[in-house]
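The structure appears below as structure tokens.
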Amino acid sequence: MAAFDIFIEETLHGNTNTRANNVAVDCPFCGRKEKLWIHRQSGLCQCFGPDCNYRGNAVKIVMDTEQIPYDQAFLQVAQAFRNQVHYTLNNAEAKNIDFCETILRALLKDQKEILEEKHKVRPPKGIGPIKGTLGARYLLSRGFNPAYYQRYKLRFCGKLHAEKRFANHIVFPDYMPGTSKLRYWTTRAAYEPKYGPKSRNPENISRSGVLYGESEAQHAQNSGTIILVEGPMDVLALRGHAVALLGKVLHPEQAMRIIAQYRSVIVCLDRSAGKDVLPVVEQLRSFGLRRCYISHANEDDPAEAVRKGVDDVWGTVKANARPAKTKTLMLAKMHGYA
């Protein structure tokens, strides 16, 4: 029996009717008998009911049927597949998250440790509410009033109680989607330092699977379009439409999370990133993403656009989005976001 049949029986609690490379089950969304077809090699699914047309993959099905967050759904799917799937990243079928055994095992290990509280991510010492602090005043000077950052639960390390290197730093916590468990955090100085880095990160904690702002990207989850940006300030500027790579590099684990949740992606790295946008686009396309775009926020990164008074940064990024086709990529390679 194929791994996908076992997954259907154990997770969707449905009997399978195999038709060539497809498994047909009763659709849990519209109730039509044997209308939800799942391709056994790609993991993609679609309901052929006249009023449904549900589309997704195994992780999305579990999320929607069980009404649980992405990470818990991922663990269920990974558990069903991890001892049975024998595809590798070099195979054509490995574009879908359900069949990438190498990535499945890596993500399963990391996320299971966090969910079981074996892997403790502790915030820096001395953090407190950001309201009324130097951090709030700094954000306001950059054009960010509380409406921009309330959903992101920002904190602040005051000078008196924090470790020296985090003194007067804004803390951007990142939680496991659907939980209150801290997965990662990063900071930014609430001033413009003359020397040294503006941002600091926790030591000995990998960010390769982290997409900052993922839990708060409600608008993106509703629209199916996510904007990829570099840093947390850019995420604040886009108010629930974006996640940050926390750098210029897209890791395979991040790419997998994006492909599993969104139909289209707009890459909006800082203008200074230039050629760094190309590997990000190529990584997404290598995993099968068809709707990929490149954009910018009126010649600036999103955070800078807010500082200059752009009210609708999301609308600007969307209006400037161009398909990541050969001509666009060649221009990006030659001139950044020309």
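Read the figures in this text as sums done on the coordinates, not as results from a lab. This is a predicted model, so every value here is computed, not measured. All Cβ positions, even for glycine, are placed from backbone atoms using ideal geometry, and neighbour counts span all protein chains on display.
When you count the other C-beta atoms within 10 angstrom of each residue and take the mean per peptide, 185-191, 135-141 line up highest first as 185-191, 135-141.
Tell me, in nm to one decimal, what length is gained between Lys194 and Ile68 on full extension, where the rule is 0.36 nm per residue of separation less the Cα-Cα distance? Let's see the in-between values first.
Values: separation 126, 0.36 × 126 = 45.36 nm, distance 4.56 nm.
Between Lys194 and Ile68, full extension yields an extra 40.8 nm.
The residues Cys52, Cys45, when put in order of fewest to most other Cβ atoms within 10 Å, stand as Cys52, Cys45. Couplings for segment 181-196, taken from phi via the Karplus curve 6.51 cos²θ - 1.76 cosθ + 1.60 with θ = phi - 60°, read 8, 6, 9, 6, 7, 9, 10, 9, 5, 8, 6, 9, x, 6, 9, x Hz in order; Gly and Pro are left as x. Ordered by the number of other Cβ atoms lying within 10 Å of each residue's own Cβ, fewest first, His241, His219 fall into the sequence His219, His241. Here each label is just a point 7 Å from Cα along the line to Cβ, and for Lys325 and Ser223 those points are 2.2 nm apart. A simple charge model with +1 on the Cβ of Lys and Arg, -1 on the Cβ of Asp and Glu and nothing else charged puts the dipole of segment 218-335 at about 540 debye relative to its Cα centre.
Quick one: order Phe172, Phe29 by neighbouring beta-carbon count within 10 Å, fewest to most. Before the final figure, lay out the partial values.
Details: Phe172 25, Phe29 16.
The order, fewest Cβ neighbours first, is Phe29, Phe172.
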